[in-house]
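Input: a single structure, listed below in structure tokens.
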Amino acid sequence: MTYQTIVTEMRNGIFILRQNRPEKLNARNAQMYVEIMAALSLAAEDPEVAVVVLTAVGRFFSAGMDFDNDPRLAYSVLPEDSIRTAQIKRSLPKRDENDVRTWLPVMFIEAFIDFNKPLVGAVNGPAIGEGFSSLLHCDLIFATQSAYFWAPFARAGVAPEFCSTLLMPKRLGKSLASAALYLGKRISAAEAKSAGFVLELLSDGDEFEPAVLSRIESGLALAGPPELRSKTLAAYKALIDQESDRETLRKQCHSEFELIREKGRSGETDRVQAYYRSELPN
């Protein structure tokens, strides 16, 4: 499968989805949004996929949204686009500034909310902004010793997204989540593990991803014969994340983007970004 911003690989029932914009610290643009949506939809349909691992190429997991993002990338089918990427681009509704449900970032988040199989975060480096908040939708997370998690939404002049206003207190505990959201605290990998957000810390470097995959493969070996694993684990996830829970997350996502829209219309976002842009990591 050909992609421009991600790399995918299938290995023993594990679908590996690597964000691949290392020169941009894996900041996500519109093309990456659609390509991740395409990859997740294919993994959801594939009976051989039991688990999806979300990770990245390079030293950052993701620096969040690319502030130089060109939204038109999502609506222009490129010759290099995969079949599913092109299908999604053609199916996107026209963006209505008065209806956040038509906004690409909202549809991107809903792809995580609606994903029907176990999703594992393999955090190979810093996870910032939506790079952090998207991990809240992972069922389990491994991280390197040097990784950290940072939610500088106030510095970016936007509201927290990816349902982080609902999920972060649940996944991290209210005190740590409040410090992250209100005070811009960078959460170390050790703190995230102590809070139960990260399952296990592993060594940095080239051995990180193989170590994660080894642990998942060992677990899958206990999940019955290979031809049943995908069905079994998807059924478990449907019981854990029920439709009523997903609907609650969709509503929270829409509420967060209503606040993002309000802050953008008032001019707050531009003013804050101009003030803090120089302080964001390079």
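What follows draws every value from the coordinates through simple rules; no lab data is involved. Every value quoted in this text rests on a predicted model; they were computed, and no experiment measured them. Here Cβ is always computed from backbone atoms with ideal geometry, including for glycine, and neighbour counts include all displayed protein chains.
Brief remarks on what is shown
- Of LYS89/LYS170; LYS89/LYS193; LYS170/LYS263, pairs whose Cα-Cα distance is over 31 Å: LYS89/LYS170; LYS89/LYS193
- Of the chymotrypsin sites (Phe, Trp or Tyr not before Pro) in the range 63-110, the ones in a loop by DSSP (not H, G, I, E or B) with at most 13 other beta carbons within 10 Å are PHE67.
- Relative contact order of the chain, pairs being alpha-carbon contacts under 8 Å that are 6 or more residues apart, as %: 19 percent
- Inter-probe distance in nm under a simple model that places probes 7 Å from Cα toward Cβ, at SER146 and SER178: 3.4 nm
- Added length on full extension, which subtracts the Cα-Cα distance from 0.36 nm per residue, SER244 to ALA274: 6.8 nm
- Calculated mean residue ellipticity at 222 nm for the chain: -13500 deg cm²/dmol, from DSSP H runs with n ≥ 4 weighted as -39500 (n - 2.57), summed, divided by the residue count and rounded to 500.
- Shape class of the range 183-282 from the Cα gyration tensor (axes a ≥ b ≥ c, square roots of the eigenvalues): oblate, since a/c reaches 1.5 or more and a/b does not exceed b/c.
- Loop GluC sites (Glu not before Pro), the range 13-87 (other Cβ atoms within 10 Å of the site Cβ: 16 or fewer; DSSP): GLU48, GLU80
- Restricting attention to the chain, close to 30% of DSSP beta bridges with both partner residues there are antiparallel.
- Taking other residues whose beta carbon is less than 9 angstrom from the beta carbon of ASP114, and scoring Lys, Arg as +1 and Asp, Glu as -1, yields +1.
- Percent antiparallel among DSSP beta bridges (both partners in the range 1-67, rounded to 5): 45 percent
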